[in-house]
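K.L.:
Once you've had a glance at the structure underneath, I'll fire off some questions.
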Amino acid sequence: MKLNRQTTLRSQATVTGVGVHSGLPVNLTIGPAPVDAGFIFVRTGLEGADREVQATVESVIATDFATVLGDAEGPLVATAEHVLAALRGMGVDNATIEVDGSEVPIMDGSAAAFVAAIDQAGVVAQPAVRRFLQVLKPVTVAIGDSVGEFRPFADGFRVEVNIDFANPVIGKQSYAIELSPERFRREISRARTFGFLNDFARLSSAGFALGSSFENTVAFDDERLPNSE
């Protein structure tokens, strides 16, 4: 496959699970899309016609504990992070993502199931040239104690991350990677959603984390990791 060409999926593949916040069952099917389509979510199972939304920054309507995509009529699909990470991490440029519920299934809390679905469907090159955004000078965004920065990098896409949690089990950690499909599959795709046990009651009373469990969330208390497997 030529890396300077756009890519899409050869066929469709389906995963089935529950929404980590809604707790409801949902089916997600990824499949091919035409050149320059990007990532198109198709919300099925609605009364009347299906609705579509492209995964762009303009379509993000909420980020409280999940990325929610929608349009002028309201939200369409929530918790889109892991399937989008898998598609981008595996080098897919154009894809349709059909979802028959309000939320992408959480699976085991990682992107691994979506990577497996991409592998099952297969990735193929398209005739159009791939387009890039090139960072020409540093751009910094700070919100509270959190800081993000884009910096020029001539050799592709490199990520450097530092976290600092008051929780002593997590503490300070750093990680860096030059992204490729191989390294995403090997080093990133198994990274799982995590949370704190003492936050669960507050989240559930607010309508979040209704589908969370030890099977799909790495849960910390103040001293240990109860589901260390």
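The values are calculated or read from the model by the stated rules, or taken from the named source; none is laboratory data. Quantities reported herein were computed from a predicted structural model and do not represent experimental measurements. A quick note on method: Cβ atoms are made from the backbone with ideal geometry, for glycine too, and the neighbour counts reach across all protein chains shown. Quick note on the areas: whole protein, heavy atoms, side chains included, nothing else; ligands and nucleic acids left out. Shrake-Rupley method; radii C 1.70, N 1.55, O 1.52, S 1.80 Å.
K.L.:
Residues being open to solvent by less than 80 Å² (accessible area, probe 1.4 Å), aliphatic (A, V, I, L, M) and over 19 Å from the mean Cα position of the chain (by Cα): count how many of those fall in region 164-186.
P.N.:
Matching residues across region 164-186 total 2.
K.L.:
Being closer than 29 Å to R88 by Cα and either exposed (fewer than 14 other Cβ atoms within 10 Å of the Cβ) or out of contact with any helix residue (DSSP H, G or I) (no Cβ under 7 Å at 6 or more places or on another chain) (or both) is the requirement here; does F157 meet it?
P.N.:
So F157 passes the test.
K.L.:
Criterion first (of a type in the set (A, V, I, L, M) and surrounded by fewer than 16 Cβ atoms within 10 Å (Cβ to Cβ)) does A72 satisfy it? Walk me through how you get there before you give the answer.
P.N.:
On the way: of a type in the set (A, V, I, L, M): yes; surrounded by fewer than 16 Cβ atoms within 10 Å (Cβ to Cβ): yes.
Yes.
K.L.:
Now for a different question. Check A55, A86 and return the single one that is out of contact with any strand residue (DSSP E or B) (no Cβ under 7 Å at 6 or more places or on another chain), closer than 24 Å to T7 by Cβ and either modelled with pLDDT of 95 or more or among the β-branched types (V, I, T) (or both). So that I can check it myself, show each step before the final result.
P.N.:
Numbers: A55 fails: out of contact with any strand residue (DSSP E or B) (no Cβ under 7 Å at 6 or more places or on another chain).
Only one candidate passes the filter, namely A86.
K.L.:
List, please: which pairs have Cβ atoms under 7 Å, are six or more places apart or on different chains, and start with a residue in region 186-212 that is farther than 20 Å from A166 by Cα and end with one that is among the aromatic types (F, W, Y)?
P.N.:
From residues that are farther than 20 Å from A166 by Cα, the pairs are F208/F65; A209/F200.
K.L.:
Here are D50, D100: which of them is touching a residue at least 60 places away in the same chain (Cβ under 8 Å), open to solvent by 20 Å² or more (accessible area, probe 1.4 Å) and within 18 Å of N27 (Cα to Cα)?
P.N.:
Working: D50 fails: touching a residue at least 60 places away in the same chain (Cβ under 8 Å).
It is D100.
K.L.:
For T56, indicate whether it is without any contact (Cβ under 8 Å) to a residue 24 or more places away in the chain and either open to solvent by less than 60 Å² (accessible area, probe 1.4 Å) or touching an Asp or Glu at 6+ places or on another chain (Cβ under 7 Å) (or both).
P.N.:
For T56, the condition - without any contact (Cβ under 8 Å) to a residue 24 or more places away in the chain and either open to solvent by less than 60 Å² (accessible area, probe 1.4 Å) or touching an Asp or Glu at 6+ places or on another chain (Cβ under 7 Å) (or both) - is met.
K.L.:
Here's another thing I want to ask about it. Quick one: how many residues across region 189-219 are open to solvent by less than 50 Å² (accessible area, probe 1.4 Å), within 18 Å of the chain's Cα centre (by Cα) and not small (G, A, S)?
P.N.:
Looking only at that region, the number is 4.
K.L.:
Can you tell me which residue in region 28-77 is nearest to I118 (Cα to Cα), limited to those that are of a type in the set (D, E) and assigned to a strand (DSSP E or B)? Don't jump to the end; show me each part of the working.
P.N.:
Step one: of region 28-77, the residues of a type in the set (D, E) are 36, 47, 50, 52, 58, 64, 71, 73.
Restricting the remaining residues to those that are assigned to a strand (DSSP E or B) gives 52, 71.
On the way: E52: 21, D71: 27 Å.
The qualifying residue nearest to I118 (Cα to Cα) is E52.
K.L.:
A further question on this structure: Which residues, taken from region 1-27, are hydrophobic (A, V, I, L, M, F, W, C), open to solvent by less than 50 Å² (accessible area, probe 1.4 Å) and in a loop (DSSP other than H, G, I, E, B)?
P.N.:
Of everything in region 1-27, just one residue is hydrophobic (A, V, I, L, M, F, W, C), open to solvent by less than 50 Å² (accessible area, probe 1.4 Å) and in a loop (DSSP other than H, G, I, E, B), namely V20.
K.L.:
State which residue is farthest from R192 (Cα to Cα) when the search covers only region 157-178 and only residues that are in contact with a Leu (Cβ under 7 Å, 6 or more places away or on another chain) and assigned to a loop (DSSP other than H, G, I, E, B).
P.N.:
F157
K.L.:
Read through the list (1) touching a residue at least 60 places away in the same chain (Cβ under 8 Å); (2) open to solvent by 30 Å² or more (accessible area, probe 1.4 Å); (3) not in a loop (DSSP other than H, G, I, E, B), then give the number of the only condition that A86 fails.
P.N.:
Single failed check for A86: (2).
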